[in-house]
Amino acid sequence: MFTTDIYKFVEKIKRRYRTYNPYEIAEICGVDVVSRKLGTLKGMYTVSKNIPCIFLNEELDEYMEKVVLFHELGHHFMHRYNAVSTFKEHTLYDMSSKMEIEANIFAANFMISDEDVEQNSCYQYTSEQLARELCVPHEILLIKLGDMNSRGYDFNLCFTPRSDFLGR
């Protein structure tokens, strides 16, 4: 999928499922979500015996859990048929991998609407302040702003997120 099409795809999913709750979306789609102790692994997506499953590290705080769950749902919606093997931490959130870039853009667009950004632009927040206001990791906001720029906006981005920002 072209990264510029992900925004439209996310909007279509929002309309179809009529919820912004990633757990409800997973349930509707028949994706098992399992919390376990995973060490340093934050999450992973796999399909086994035609049953999609997302594993989340039970030690994640509620904000990071939501980011990871949306990221993994991005894999479910866009890469399910590529999930021959499990998407694991050593490739997870790698901004040089096309599938990881797409999953990150999916998560950013699901968690932050264009309207959220536009409504807060009048306050002249720094990107760090806006991320705190929207209760999202700074890197997710930067991914959203970069996606918006690819659709014609003109935000000044202070930096590009590190490829392993969610793996740290």
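The values are calculated or read from the model by the stated rules, or taken from the named source; none is laboratory data. Since we're looking at a predicted model, the values are computed, not measured. Every residue, glycine as well, gets a Cβ built from its backbone with ideal geometry; the counts of neighbours run over all protein chains shown.
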**Item:** So LYS98, is it more than 21 Å from ILE140 (Cβ to Cβ) and either modelled with pLDDT of 95 or more or among the basic types (Lys, Arg) (or both)
**Value:** no
**Asked** Got a sec? Which of VAL10, VAL47, VAL31 is crowded, with 18+ Cβ neighbours inside 10 Å, touching a strand residue (DSSP E or B) at 6+ places or on another chain (Cβ under 6 Å) and among the hydrophobic types (A, V, I, L, M, F, W, C)?
**Response** VAL31
**Asked** Of the conditions (1) touching a residue at least 60 places away in the same chain (Cβ under 8 Å); (2) in a strand (DSSP E or B), LEU56 fails just one. Which one is it?
**Response** (1)
**Asked** From the set of residues in the stretch 95-124 that are among the polar types (S, T, N, Q) and in contact (Cβ under 8 Å) with a residue 12 or more places away in the chain, which is surrounded by the most Cβ atoms within 10 Å (Cβ to Cβ)?
**Response** ASN104
**Prompt:** If you go through the stretch 109-168 one residue at a time, how many are at pLDDT below 90, part of a helix (DSSP H, G or I) and among the small types (Gly, Ala, Ser)?
**Reply:** 1
**Request:** Search the stretch 5-27 for residues that are within 24 Å of VAL47 (Cβ to Cβ) and pair each with any residue that is outside any helix (DSSP H, G or I) when their beta-carbon atoms are under 7 Å apart and the residues are at least 6 apart or on different chains.
**Result:** PHE9/MET1; LYS14/TYR20; TYR23/VAL33; ILE25/THR19; ALA26/VAL33; ALA26/ILE54
**Prompt:** Going by the conditions given, is GLY74 small (Gly, Ala, Ser), touching a residue at least 12 places away in the same chain (Cβ under 8 Å) and either surrounded by fewer than 21 Cβ atoms within 10 Å (Cβ to Cβ) or more than 16 Å from VAL136 (Cβ to Cβ) (or both)?
**Reply:** no
**Message:** Filter the stretch 22-53 down to the residues that are modelled with pLDDT under 95, in a loop (DSSP other than H, G, I, E, B) and within 17 Å of the chain's Cα centre (by Cα) and list them by number.
**Reply:** LEU41, LYS42
